[in-house]
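Read the structure below first, then the notes.
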Amino acid sequence: MHHLGYDPTGCDSKGLWFYAPYRNERKPSFHVNPRKGLWYDFGTGEGGDIFTLAGELSSKSEFIEQARYIAETMNIPVAEPYKPQCFAEEPTFENVTVSRLDSPALLRYLAERGIPDDIARRYCVQVDYTLHGKSYYAVGFENNALGFELRNAFFKGSYPPKSITHISYGNPRCNVFEGFIDFLSVERLGLNEGNDSVVLNSVANIGKSIPILAGYPLILCYLDNDDAGRNALARLQSEFGNKVMDKSALYPNHKDLNDFLCQREQCQANGLSNAECSQKRREAHYLMSLSPKQTIKPKFKL
């Protein structure tokens, strides 16, 4: 009030009396309580704090404008409010090109996981890209949103957007896989039988698969033998009940279907039957369970 040019005309036990600063009056009716920081105009029946007074004097309803008026009146510097600068986020992947899967290194990586060239080329492509100024390449598996799952011997990731992959032939049976390597493994094992397939490309995408799977009378799940795989299976069973079949009994002593395939390939390379190889693996698991604190190397190379 002093900076506005008004001095008190009197006081009482609760505060000071002034002439109203925003209207003409012959008798002071504007009361200020300094302890509470409040004012009240007995002539108009209005009151408030310093900001509402600034609003009366400046005819501004916005708080920031009222604060600016107070600062200018009191000669107080006011910092301008922070305005975030808009910027275009640089893409993580640059110079992305998609081509036929021909890299010997990538084909060798898939072969080591039991996937032959013909199956790999049927469903996968080669994705070359630049990341942080360096050039890379990976096996690419396309999803429904036109993004790619990317794999090589040193990298596991994806080129956005992330989504599921639905491969449809019009079959009433649909296989479900966590990742595309397991999908390729079923092709290699000859278990697909022309079924449609949904590859989740991450169990986090289980919700995206629900609308698609709802149209199938039979859903065959080849999910991992871990908590994430079991939780995904439980989610599908809660949605579709008896329509869901758990196919993980095919590979009970393995992390996933590809692990099972890799063992089978090693068995064949060692001239053993699948039954003999499975027996050797069960024996190895049994020995390890007897002495969990020791590392027991089985005689048979798995």
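Worth pointing out:
- Among the residues listed as K60, K36, the single one being out of contact with any Gly (no Cβ under 8 Å at 6 or more places or on another chain), among the charged types (D, E, K, R), at pLDDT 90 or above and open to solvent by 70 Å² or more (accessible area, probe 1.4 Å): K36
- Any hit, segment 3-13, residues being under 22 Å from S58 (Cβ atoms), at pLDDT below 90 and either touching a strand residue (DSSP E or B) at 6+ places or on another chain (Cβ under 7 Å) or not in a loop (DSSP other than H, G, I, E, B) (or both): yes
- Within segment 171-190, considering residues that are modelled with pLDDT of 95 or more and small (G, A, S), the one surrounded by the most Cβ atoms within 10 Å (Cβ to Cβ): S185
- Within segment 99-132, considering residues that are out of contact with any strand residue (DSSP E or B) (no Cβ under 8 Å at 6 or more places or on another chain) and outside any helix (DSSP H, G or I), the one most open to solvent (accessible area, probe 1.4 Å): H132
- Hits in segment 216-258 - residues which are crowded, with 16+ Cβ neighbours inside 10 Å, over 18 Å from G190 (Cα atoms) and among the polar types (S, T, N, Q): N225, Q237
- Test for Y137: is it modelled with pLDDT of 90 or more, open to solvent by 70 Å² or more (accessible area, probe 1.4 Å) and among the aromatic types (F, W, Y): yes
- Restricting segment 156-167 to residues that are touching a strand residue (DSSP E or B) at 6+ places or on another chain (Cβ under 6 Å) and modelled with pLDDT under 95 leaves a set whose member that is most open to solvent (accessible area, probe 1.4 Å) is Y159.
- Each residue in segment 191-215 was checked for being under 12 Å from P172 (Cα atoms) and open to solvent by less than 30 Å² (accessible area, probe 1.4 Å), and 4 pass.
- Scanning segment 136-165 for residues that are in a strand (DSSP E or B) and in contact (Cβ under 8 Å) with a residue 40 or more places away in the chain yields a count of 8.
- Residue identified as in a strand (DSSP E or B) and free of Cβ contacts under 8 Å to residues at least 24 places away in the same chain among Y40, Y69: Y40
The values are calculated or read from the model by the stated rules, or taken from the named source; none is laboratory data. In this text, all values refer to a predicted model and were calculated from it rather than measured experimentally. No Cβ is skipped: glycine too gets one built from the backbone with ideal geometry, and neighbour counts run over all protein chains shown. Each accessible area value is taken on the protein alone, full model and side chains, heavy atoms only, with ligands, DNA and RNA left out. Shrake-Rupley method; radii C 1.70, N 1.55, O 1.52, S 1.80 Å.
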